[in-house]
Every structure is written in structure tokens, then in C-alpha cells.
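Notes follow the structure.
The values are calculated or read from the model by the stated rules, or taken from the named source; none is laboratory data. This structure is a prediction, so every number in the text was calculated from the model and none was measured. We place every Cβ from the backbone using ideal geometry, glycine too, and count neighbours over all the protein chains shown. Only protein heavy atoms, including side chains, enter the accessible area calculation; ligands, DNA and RNA are left aside. Shrake-Rupley method; radii C 1.70, N 1.55, O 1.52, S 1.80 Å.
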Amino acid sequence: MDTYPKCSVCHQEFTLKGPVPYLLPCLHAVCEKCVKSAAAGVISCSTCQREVNLTETIIQKDAVRQKEIFYLTIKHRPTELLCTHEDDGNQAVCWCQECEELLCEYCQNMHSSVKLSRNHAVHNFGDITPKNLENETNCNIHERYPLDLFDKSCYMCICCQCRREEHADHEVVYLDEAAEGVTQRIEQHRKDLSALLSRQQTHLQSIRQETQLTNRTQDTLRKTIEHTFRSLRSHLDQREKELLMYLESQTRETKATLHALETSCEEHHARCTNISGYIRKCLLYASTSVLLQLETTVEGMTRTCLETASPGTHDVPEAVFNTNGLSKLKSDLSGFGNITTLKEDSEGGTPEDKQTQTDDDYLADLEQKHEMELAKLESNIASHNERTEQLQQLTDKLNAEANNMKLMLAEKHQTCQVALETINRLQTGFPAEGCVHLLKTGVVDRRMVLNCLHLKYDKDSVNLDKVHINTEGDLVNRKSDTRPAGEGMLKYYWGTCSTGPLHRAGSPQYWEMESRISLDKTLTRNEHILKVGVCREEQMDWYWRGGRSSSYSMAVAHCTTHGGICRRTWTEGEYVRCLPDTLPNTAGASHTLHYGVVYDDARKKIVFIDVKENKVISTLNNVDSSQPLWPMFGVYSQRLLTVSMTLVVGSDINMTKEKKAMIVKALSWW
């Protein structure tokens, strides 16, 4: 069943016998009951949230919806229709188009038998279409004459008698002719809206597909990150076991060597002790004759002891766990696994990505470093008594380092999760065109997202008497040789504006302009070259005067103060700053200027940047963003020079780390 129209205030369905619908300026309907009960004479349409002051606006009955309600009642609720010819309460079965009456079977028979009405167009309910409900109406003044003419001067329907009387000198056409023209125009409006709806549907479908792709990409990246870090943890655990086993093996061999040396030294020490003790006894107890007999034997044993290698200091290398590569490992881990867009990947990746090794290469280098450290360990083992204590210390230190490594991996995993959450949270709320950049990693803040807008020149607003937009889409300070049809909206400002105002996004917005300049003559007397900035819509055509209320600009022009070409900034009609030596003021010279503009409605700031010199020209504070601001672009002095300004927007902007840092510093967040 077709849907009955509803009141946009009380949301009640309109019925044939209910309150009459009235037409609001927004083309939504409101019932007569809500019109009469409107508080303070103001009606608020709940469909589009527009308010209508009934004391200032006259609203009429909605004839279209009245006919729609009547047709829907005939089609779906015919039992509610009663005969209106005799008001006898009988069920109506047909409709007389000329009499505009509902007829029951009895009245239909009577209607067909009367000479005056027998030829009327009577339609049964089942045969009625919206066209059957149309009927010629007669003039309210001359009731015998139909309203078959249209007065263009009074914009009303009249009859032929009215044409001869009070409308005699007016421009009048036949009603069918006027209606045909209106029908064609309204049909064109319908086609335009249909095309717009089709484009919007395509755009919505594209957005939904991108959302699905983003969700799938997020799931894939999450699984890849989890798998990568599980593999890395496994490699680290395996390396820890290998180091401990190798350390145990080396320690066992060293202990065996030292034990053999200790046993040999103890045996030699015992022999020397026995011989030395016997010599002392000989000197104490032996007689002279006995000493002479024992001399040869004592001398032989003493020589044997002396010729045996005397115990010396054994150089046992000290074991050390070398951590020289630990800082590099931590640094590599802090930059490992950056999440980039396909755009960055197609351009070769970020500098950090280019320096990042693959997982296998990284682990191979790490293993090689540890092998070198263990080789040094073999040459630095200390004595046996100190060895045991140092081994325990090394073991404790190794365990501590392994725990630290696990904590680092856990922190890295958490950082990746935060990065994913940051992308998901900050990716919404931006226009479909353009691209975004995260100005500061690890900070989940919408103010840290830079939206590189996809601005376009408004070709309908160009001052065609002074400038034009060429086939390449550049704004040129020349009147076009082949002027397009129509006239530009701007009459005084030498330039144009963007196709729409800036969004109140709560995050910085950015665009750039690259201008090619060729000086034909030396500039004097404050001649301008170009101007960029923003202003309110009502200030567009006055923007050339240097700025008024709610306008903010940066101009390149001749400066009598410095005697050269300078960059001058203005805010709210007040001069702010002048930077000299922008380019040489030499006839015949050609130059390229590249500027960027940052607009931050949250911080109420506008920043002008020299992209080529990589520095901030000026930062304007306390920007009034209570009403929409429009980007403006101007080019001047066609008798003295040639300037061609190209917009660099969206993904065409080369957003470097240095440029991000400069923008963050200029906006003074952290």
C-alpha cells in the first residue's frame, strides 16, 4: 500500500476528512491544526529542522498533497467515500471529473440521464488515475468563463473576459502554453535532482565499499602483526636457551681445565713440602758424616723439584656479556612495523621504512652479533675462584635482559594496537576527497590529524574582466581571449574563490599554491603579484583592499618601505608582518613561488608557510571562525608581469616529516 503523507510537526497521517495540509517553504507539509496552534507564530519542521515565522511568511494549502490524499483514498480506502451529490449517505462508486463530485449508483444513473450532465466524464474508482482528477475551473469573477489564460504580469490564471477588462494591457498567454513551459522546467529540476541522487548513491556505495575494505585491511594487519611478534618472541626465547646452553658448556670445560691444574699443582706442592721437611730434619739431627752421605740424594731430589715447572699465574679469560648492540636493537624495535597507506608504499615508503630490515635479516644480524659477543666471552674468562661468582652475575644479568626484551616486545605490541585504534578513530568525519596525515604518532587526538583538502577553483565566480582559468586549470592574470558565456560573480577582486567554504572539522586543514612568475617590468608603487588567504562570503569582492573584518591574507607585492618585493600578511584589515627579499625585482626574470596555508578552527589559527624555504611566514591568532570561511586566490598586475597559480591539493601534496614538524610548532600544541 502506498504511504500516506504525514504532518512534519505532529507526524499524523493526512486523511480526506482530517485537517487540511499546508505547504511550507521547504516543500514539507504541516496540518491545519499545527498551523493554528503554532507557538509564537513559529513552526519548526522536524524533517529538515527549518523554522518558519508565520507572521512573516504566508503559507497556502497544499493542493498537490490534497489531490494525493484523495487519490490514495479512492485507491486503498474506497469504503470511506460517500456520495456528495445528494448527501444521502450512500457508498460512492464513481467520480464526475467536471462536477468534482462523488456519486453513488443511484446518483450516477440520474447524472447520466440529465441532459446537462449526460456527457460529463464519469470514472469508476477502479479506472481513476491522477490525471482523471484534473478539471477545468471557472473564473471566480466571471463564473461562466473557464480559466484558460495566464497573465505573466500578474502571474495568475484569468478568463477571456478578464483579458478584455482589467488585464487588457498585460502580457497574456494560453494556460496550456504556460503550463507546458512550467512542466518542462519542473521536469528538468526532477532530472537534475535524479542525476544528483544517482551520484550521491554512487558516492555512498563507494564510501561503504571503502569502509568494508578498511575493516578487512584492519583484520589482515592485526593478524600479520600478531603473527610477526609471536615469531619474534619465539626467536628471542630460542636465542636465550642457546646462550644459556653455550655458557654452561664453556663453563664446564673451563672448570675441568682448572681442576686438572689444581690437582697437578697440589701433588707437586706435596712433594716439595716433604723434601723440604726432610732437609730441615737433616740439618737438625744428622751428623757430619751422615750429611756427607745424604748430600747427593738431597741434591738430586731438590733438582728434580726445581726442574719441574713451577706454578705460575694461569691467564684464564673473564666471561663478559657484551651488550654493545642493545641500544641499536631497541632503536630498531621502536621503528619496526610502521603502518603506512598504499599511497606511501607506491611512492617508495617513508624514510623509516626504507631503513627497516625484514624479520629474517634482522634476526640473522642479531644472531651474528650474539655469536661475536660469545667469541669474546671465550677469551675473557677469569680465574676459577672469581669465575663462579661472575657466572652467576652474568646469568642474572642475562635473565634481566631477556625480561626487558619481553617487556619491550609487549610495549611494541601495545603501540601497534594504539596506532590501529588511532587510524580507526580518526579516519571518520573527513570529506571523501583529499587525504589525511597524522602529525604526531602515538597521540590519539583529532587535532593531530592534518586534512589535506581537495580544493578547486570556482569557475562561476572568476572575475572574467581581469583573470581567467586556462585549460590546465591554472589561474592566470590575463583576460581570456575566448571569454566563456556568462559573467563571473566577482567584479572587484582580481581572482576567484574555492567551490565551497572550509569545514568546521575540529582539526587542521591544509592546501598549497605553486605560482610561476615572469616579470616584464620592474615593480614600483606597491604593485601586487598574488594574494592568498580566507574570508567570509560577504567579504569576497572586497578582499582586494587588503582585508576587512573576518578576512586573513598573505600577499606578495612591491613594498615601498623595503624597496623590493615582500611577503605581507593581514588580519581583520590590520597589517601584521612584512618579510623582504621574496624575489629579485628584475625585469625579464622568472621565478616559482610555493606557499601553503594551514587553517585550524579548533585553535583559531591560520599559518602561512613558504614550502620552498621550509619556514613559517606568519601565524595569525584569534581567527573568527563563527561563520564559514572561503579560501581566496588572487593574481594581479597584468601590464607588468605574468603569473600562473596552480592548486596543489589532496594526495598531490608532498607531506614530509620536516613539514609536519613545522606545522606542529607553528600551531603550538606540545
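Would you check which residues across the stretch 534-565 are open to solvent by less than 70 Å² (accessible area, probe 1.4 Å), at pLDDT below 90 and over 23 Å from Gln509 (Cβ atoms) and list them?
Answer for the stretch 534-565, where residues must be open to solvent by less than 70 Å² (accessible area, probe 1.4 Å), at pLDDT below 90 and over 23 Å from Gln509 (Cβ atoms): Asp541, Gly546, Gly563.
Please determine whether any residue of the stretch 566-575 is buried (at least 16 other Cβ atoms within 10 Å of the Cβ), in contact with a strand residue (DSSP E or B) (Cβ under 7 Å, 6 or more places away or on another chain), free of Cβ contacts under 8 Å to residues at least 24 places away in the same chain and not small (Gly, Ala, Ser).
Checking the stretch 566-575: at least one residue is buried (at least 16 other Cβ atoms within 10 Å of the Cβ), in contact with a strand residue (DSSP E or B) (Cβ under 7 Å, 6 or more places away or on another chain), free of Cβ contacts under 8 Å to residues at least 24 places away in the same chain and not small (Gly, Ala, Ser).
Which one is farthest from His562 (Cα to Cα) among residues in the stretch 502-523 that are open to solvent by 60 Å² or more (accessible area, probe 1.4 Å) and of a type outside the set (D, E, K, R)? Write out each step before concluding.
Taking the stretch 502-523 as the starting set, the residues that turn out to be open to solvent by 60 Å² or more (accessible area, probe 1.4 Å) are 503-504, 514, 516, 520-522.
Next, from what is left, pick out any that are of a type outside the set (D, E, K, R): 503, 522.
Values: His503: 38, Thr522: 15 Å.
Among them, the one singled out is His503.
Given (1) open to solvent by 10 Å² or more (accessible area, probe 1.4 Å); (2) under 14 Å from Ser553 (Cβ atoms); (3) part of a loop (DSSP other than H, G, I, E, B), identify the lone condition not met by Val623.
All conditions pass for Val623, except number (1).
Within the stretch 576-601, how many residues are farther than 20 Å from Ser518 by Cβ and open to solvent by less than 60 Å² (accessible area, probe 1.4 Å)? Lay out the reasoning, then the answer.
Going through the stretch 576-601, the residues farther than 20 Å from Ser518 by Cβ turn out to be 576-580, 596-601.
Still in the running and open to solvent by less than 60 Å² (accessible area, probe 1.4 Å): 578-580, 596-601.
Selection size over the stretch 576-601: 9.
Which one is most open to solvent (accessible area, probe 1.4 Å) among residues in the stretch 628-642 that are closer than 14 Å to Ser515 by Cα and assigned to a strand (DSSP E or B)?
That would be Thr642.
Just to be sure, is Val64 open to solvent by 80 Å² or more (accessible area, probe 1.4 Å), outside any loop (DSSP other than H, G, I, E, B) and hydrophobic (A, V, I, L, M, F, W, C)?
For Val64, the condition - open to solvent by 80 Å² or more (accessible area, probe 1.4 Å), outside any loop (DSSP other than H, G, I, E, B) and hydrophobic (A, V, I, L, M, F, W, C) - is met.
Mind checking whether some residue in the stretch 80-87 is of a type in the set (A, V, I, L, M, F, W, C), free of Cβ contacts under 8 Å to residues at least 40 places away in the same chain and closer than 30 Å to Glu177 by Cα?
Scanning the stretch 80-87, I find no residue that is of a type in the set (A, V, I, L, M, F, W, C), free of Cβ contacts under 8 Å to residues at least 40 places away in the same chain and closer than 30 Å to Glu177 by Cα, so the answer is no.
Mind listing just one residue for me: the one in the stretch 180-209 that is among the charged types (D, E, K, R) and open to solvent by 100 Å² or more (accessible area, probe 1.4 Å) and, of those, nearest to Leu149 (Cα to Cα)?
Result: Glu180.
Need the failing condition index for Asp169 against (1) within 30 Å of Asn138 (Cβ to Cβ); (2) open to solvent by 100 Å² or more (accessible area, probe 1.4 Å); (3) modelled with pLDDT of 90 or more, just the number.
Checking Asp169 against (1) within 30 Å of Asn138 (Cβ to Cβ); (2) open to solvent by 100 Å² or more (accessible area, probe 1.4 Å); (3) modelled with pLDDT of 90 or more, the one that fails is (3).
This table checks each residue for (1) modelled with pLDDT under 85; (2) in a helix (DSSP H, G or I); (3) farther than 30 Å from Thr224 by Cβ; (4) of a type in the set (Ser, Thr, Tyr).
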{"site": "Ala260", "(1), (2), (3), (4)": "no, yes, yes, no"}
{"site": "Thr263", "(1), (2), (3), (4)": "no, yes, yes, yes"}
{"site": "Arg271", "(1), (2), (3), (4)": "no, yes, yes, no"}
{"site": "Ile279", "(1), (2), (3), (4)": "no, yes, yes, no"}
{"site": "Phe321", "(1), (2), (3), (4)": "yes, no, yes, no"}
{"site": "Leu329", "(1), (2), (3), (4)": "yes, yes, no, no"}
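What are the residues in the stretch 576-605 that are assigned to a strand (DSSP E or B), of a type in the set (A, V, I, L, M) and touching a residue at least 40 places away in the same chain (Cβ under 8 Å), if any?
Scanning the stretch 576-605 gives Val576, Leu583, Leu593, Val597, Val598.
If you take just the strands (runs of 3 or more DSSP E) that sit entirely in the stretch 446-521, which of them hold at least 1 residues that are more than 19 Å from the chain's Cα centre (by Cα) and under 18 Å from Leu640 (Cα atoms)? Lay out the reasoning, then the answer.
Working: elements: 449-452, 495-497, 509-519.
Correct list: 495-497, 509-519.
If the Cβ limit is 8 Å and pairs must be 6+ apart or interchain, which residue in the stretch 291-304 that is without any contact (Cβ under 8 Å) to a residue 12 or more places away in the chain and more than 10 Å from Ile279 (Cα to Cα) pairs with which residue that is among the aliphatic types (A, V, I, L, M) and open to solvent by less than 90 Å² (accessible area, probe 1.4 Å)?
Cβ pairs passing all conditions: none.
Tell me, which residue of the stretch 2-37 that is in a helix (DSSP H, G or I) and of a type in the set (Lys, Arg) is farthest from Leu72 (Cα to Cα)?
Lys36
Would you please name the residue that is nearest to Lys406 (Cα to Cα), looking only at residues in the stretch 238-256 that are touching a residue at least 12 places away in the same chain (Cβ under 8 Å) and open to solvent by 40 Å² or more (accessible area, probe 1.4 Å)?
Filtering the stretch 238-256 down to residues touching a residue at least 12 places away in the same chain (Cβ under 8 Å) leaves 239-240, 243-244, 246-247, 250-251, 254-255.
Narrowing further to those that are open to solvent by 40 Å² or more (accessible area, probe 1.4 Å): 240, 244, 246, 255.
Details: Glu240: 11, Leu244: 17, Tyr246: 21, Lys255: 32 Å.
Once the filter is applied, the top-ranked residue is Glu240.
Starting from the stretch 486-502, keep only residues that are under 13 Å from Met540 (Cα atoms) and among the basic types (Lys, Arg), then list their pairs with residues that are assigned to a loop (DSSP other than H, G, I, E, B) and open to solvent by less than 60 Å² (accessible area, probe 1.4 Å) whose Cβ atoms are within a distance under 8 Å, requiring at least 6 positions of separation or different chains.
Lys491/Asn463
Looking only at residues that are touching a Gly at 6+ places or on another chain (Cβ under 7 Å) and under 22 Å from Leu629 (Cβ atoms) in the stretch 462-501, which one is most open to solvent (accessible area, probe 1.4 Å)?
Restricting to residues being touching a Gly at 6+ places or on another chain (Cβ under 7 Å) and under 22 Å from Leu629 (Cβ atoms), the top hit is Trp494.
Go through the stretch 147-163 and count every residue that is out of contact with any Phe, Trp or Tyr (no Cβ under 9 Å at 6 or more places or on another chain) and not acidic (Asp, Glu).
Narrowing the stretch 147-163 to residues out of contact with any Phe, Trp or Tyr (no Cβ under 9 Å at 6 or more places or on another chain): 147, 151-155, 163.
Pick out the ones that are also not acidic (Asp, Glu) and you get 147, 152-155, 163.
So the count comes out to 6.
When the stretch 133-145 is examined, which residues are found to be surrounded by 15 or more Cβ atoms within 10 Å (Cβ to Cβ) and without any contact (Cβ under 8 Å) to a residue 40 or more places away in the chain?
Within the stretch 133-145, Cys139, His142, Tyr145 qualify.
I need every pair where a residue in the stretch 268-280 that is free of Cβ contacts under 8 Å to residues at least 60 places away in the same chain has its Cβ under 7 Å from the Cβ of a residue that is open to solvent by less than 70 Å² (accessible area, probe 1.4 Å) and in a helix (DSSP H, G or I), sequence separation at least 6 or different chains.
Qualifying pairs under 7 Å: Arg271/Cys305; Cys272/Cys305; Ile275/Thr302; Ile275/Cys305; Ile279/Val298.
In the stretch 93-111, what residues are part of a loop (DSSP other than H, G, I, E, B) and either within 60 Å of the chain's Cα centre (by Cα) or within 26 Å of Pro146 (Cβ to Cβ) (or both)?
Listed by number, the residues that qualify are Gln97, Glu98, Cys99, Glu100.
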